[in-house]
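This report concerns only the one structure given below.
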Amino acid sequence: MSTTNDPIYRSDRACAGQEQALFFPTPGRMVAVRRAQAMCAGCPVLAQCAAWAAPLVERKDLVECVVGGVHVPAWSARGEKFEAAAQELAEVALLGHLSGAETEAA
């Protein structure tokens, strides 16, 4: 997995100091997904995070998580779900904020 521009190295990210499990919720636990998405929504590095994650999600290198405010599907999901999540991440990267559609991903 690429670490180039990985936002994990940014100390100003909203998730700094948070348990990583928050972003890898148990499948079907939409309350947990929404909690992670809410943290992402106010993050000052949201756009960078989304830009970093989009190609990883498209290649299925990053699965079953919330990243850049987008709920990424499980490994077993069909390819178009990953493409949709990657497109949503690209939109977040471009806009710099969540558009609302991210809560419907996966």
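The values are calculated or read from the model by the stated rules, or taken from the named source; none is laboratory data. All values derive from a computational prediction rather than experimental measurement. Note that each Cβ is placed from the backbone with ideal geometry, even for glycine, and that neighbours are counted across all protein chains shown. Surface areas here come from the heavy atoms of the whole protein model, side chains and all, with no ligands, DNA or RNA. Shrake-Rupley method; radii C 1.70, N 1.55, O 1.52, S 1.80 Å.
Positive contributions from Lys and Arg (+1) and negative ones from Asp and Glu (-1), summed over other residues with Cβ under 14 Å from the Cβ of GLU64, come out at +2. Looking at the chain, the accessible area is 55 square angstrom per residue; that uses a 1.4 Å probe and ignores ligands, DNA and RNA. Here is the list for region 1-82: chymotrypsin sites (Phe, Trp or Tyr not before Pro) lying in DSSP coil, each with at most 11 other C-beta atoms within 10 angstrom of its C-beta, are TRP75.
Dipole check for region 1-92: with +1 at the C-beta of Lys and Arg, -1 at the C-beta of Asp and Glu, and the Cα centre as origin, the magnitude is about 240 Debye. For region 9-76, carbon and sulfur atoms together expose 56% of the accessible surface, with a 1.4 angstrom probe and every protein chain in place.
Can you compute the helix-only [θ] at 222 nm over the chain? Use -39500 (n - 2.57) per DSSP H run of at least 4 residues, normalise by all residues, nearest 500 deg cm²/dmol.
-13000 deg cm²/dmol
If you bin all the Cα-Cα distances of the chain at 5 Å, starting from zero, the percentages per bin are 2, 15, 27, 28, 21, 7, 1.
Scanning residues 5 or more positions from CYS65 or on other chains, those with amide H under 5 Å from its amide H are VAL72, with H placed 1.01 Å from N in the peptide plane.
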